[in-house]
1. Measure nothing fancy, just the Cα-based angle from helix 280-293's long axis to the longest principal axis of the chain, in degrees from 0 to 90, nearest 10.
2. Residue 218: net charge of surrounding residues, Cβ under 13 Å, Lys/Arg +1, Asp/Glu -1, itself excluded?
3. What distance in nm separates the two pseudo spin-label positions at residue 388 and residue 39, each 7 Å out from Cα along the beta-carbon direction?
4. For a quick check: sort 296, 362, 528 by the number of other beta carbons within 10 angstrom, fewest at the front.
5. Rank the residues 429, 102 as a footprinting-exposure proxy: fewest other Cβ atoms within 10 Å of their Cβ go first.
6. Mind sorting 209, 359, 289 by how few other Cβ atoms lie within 10 Å of their own Cβ, fewest first?
7. Could you tell me whether the stretch 442-538 comes out rounded, prolate or oblate from its Cα gyration tensor? Rule is a ≥ b ≥ c as square roots of the eigenvalues, rounded for a/c under 1.5, then prolate if a/b exceeds b/c, otherwise oblate.
8. Could you pull out the longest piece of the chain with no exposed loop chymotrypsin sites (Phe, Trp or Tyr not before Pro) in it, calling a site exposed if DSSP puts it outside H, G, I, E, B and it has at most 15 other Cβ atoms within 10 Å?
Amino acid sequence: MLGLMQTQNLSISGILRHGARHHSTAEVVSRTHEGTTHRYTWSEVERRSRRLVRAMQRLGIGEGDRVGTLAWNGYRHLEVYYAAPGMGAICHTINPRLHPDDIAYIVNHAADKVLFVDLSFAPLVAAIAERTRDCVRAVVFLCDAASMPDIALAPGIALHCFDTLMDAADEDYVWPDFDENTASALCYTSGTTGRPKGVLYSHRSTYLHAYAACMPDVLCARASERILPVVPMFHVNAWGIPYACALTGAGLILPGRYLDGASLAALLNAENVTLTCGVPTIWMGLLQHLRTTGEKLTSVKRIMTGGSATPPLLIEAFRDEQNVRVEHGWGMTELSPVGTYNSPKEAQAGLTGADAVRHMLKQGRILPGIDMKIVDGEGKALPWDGVAFGDLMVKGPWIASAYYGDAPGSALDADGWFATGDVSTIDPDGFMEITDRSKDVIKSGGEWIGSIALENIAVSHPDVLEAAVIASRHPKWDERPLLLVVAKPGATIDPASVLRIYEGQIAKWWLPDEVLVVDELPHTATGKLQKTTLRSQYKDYYMK
Ligand code: AMP
């Protein structure tokens, strides 16, 4: 027997209409290219997004078409975010930090029909124009007429100004209703190995993810919060924050292109931001700025960090020096992206000092609506004892079933689980902790050593700015950990003193055999350590 409740397609235009109707005065603030501040409300975002649909239709965009963006976090980008899926097209956010070859590959693979581009990426678009002219029909610069760049694109690619298109368009569009499983957005993984792969979100998956992201033990995105996503809108939908804010009426502050410590500190204080979200590298930059200037964060209560493991220093320094709580989450492009969030249960609520910091290093509990498990090499489920570690598998309605262009279900195992490629423990309270990427784990004498714990300890050394632990082949043990460290500006690292700080913190056989001081470590386009490069460079270090 079926229930007798109303059915309604979950849609991205539904999120926007809710924001416009029930949070019509909630603010969306953008730092613009010119350094000015643009302010408007969710009701204006909705109205302008309808206008943008009309402009998109004039460019020949229709249902199912891919609309590419190369843009920072700003209001025009936000309008593309809502207009494209709202009309049944697909908003394809492209990471401009990727290599131009990868960007050209992605644009062609997605067959983007039109690109919406921030002025700072004009040279990039010119560089890939010749290679993308088979699919791209037009490039629209996200600016006013006076700021239009003087560039030549390949023949067949028209050049437009966003504001001019908007001025000429009507707002008479009515948001259509369609199947909630319709594709809404496309985002390619950063592809540390092989070509980037596309994850194709649906209206339903985006809506459910946004609901879960707002929950009290996740972002707690109440109407009284003001949220600044430093995480770019081109990196997995800025972790769902542009949708979450429209659902709850939280203020949305979009920082534009300047993400250095000084620019962020100024914007966070000027806009009374209460919660800000981004990767640890950004927070290290902010911390360094605050320490050198003595500035204080006046309104920020919480910093959410994710994307890579959190150094304990970050949690301690913001707590002790700024009275700001650092919260830790984990996710991936394939998970829309948020999968877990570290909010205490009753048992952890009383933790203080070092115990609280140690607990916050865990990536957290699964969001309600999705599920996780850890398995050994044979696929057998491992206990949730906080000790056993194995491959982390996930399942649920905002997790990819296949990559763009592949057969539905092809990214899953026979029971419908998606292998994250992360290796982790889960404790009896359900807190997951990543010990490694499966390809980064160090297999020493048949046992596994997790590199993240070793890196976290290394960065607690007063002279160490950044650390990477990689597996290096070893004649006796198969692989042994090799530690690479970068010194803080002006500091000199004594390798023996780095090894001494491990005493009593790890099992003896986990101790890196050697410490190498290097000038810098390679990073991916999303700011993660690029261990593939390091591994190939140092793979035979212990064999020599
Ligand atoms: P991406 O799809 O680019 O967001 O990358 C996802 C990967 O980033 C995950 O599979 C993890 O390996 C890593 N990652 C994300 N969040 C965290 C975190 N909080 N701690 C450690 N690694 C993380």
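Taken together, the values in this text are just the output of simple stated rules run on the coordinates, not laboratory data. Everything numeric in this text was worked out from a predicted model, so none of it was measured. Using ideal geometry, Cβ is built from the backbone for each residue, glycine included, and neighbour counts are taken over all protein chains shown.
1. Result, in degrees: 80.
2. Charge balance near residue 218 sits at 0.
3. Once both label points are built, they end up 5.6 nm from each other.
4. Fewest-to-most ranking of 296, 362, 528: 296, 528, 362.
5. Fewest-to-most ranking of 429, 102: 429, 102.
6. 289, 359, 209
7. Cα axes put the stretch 442-538 in the oblate bin.
8. In short, 259-544.
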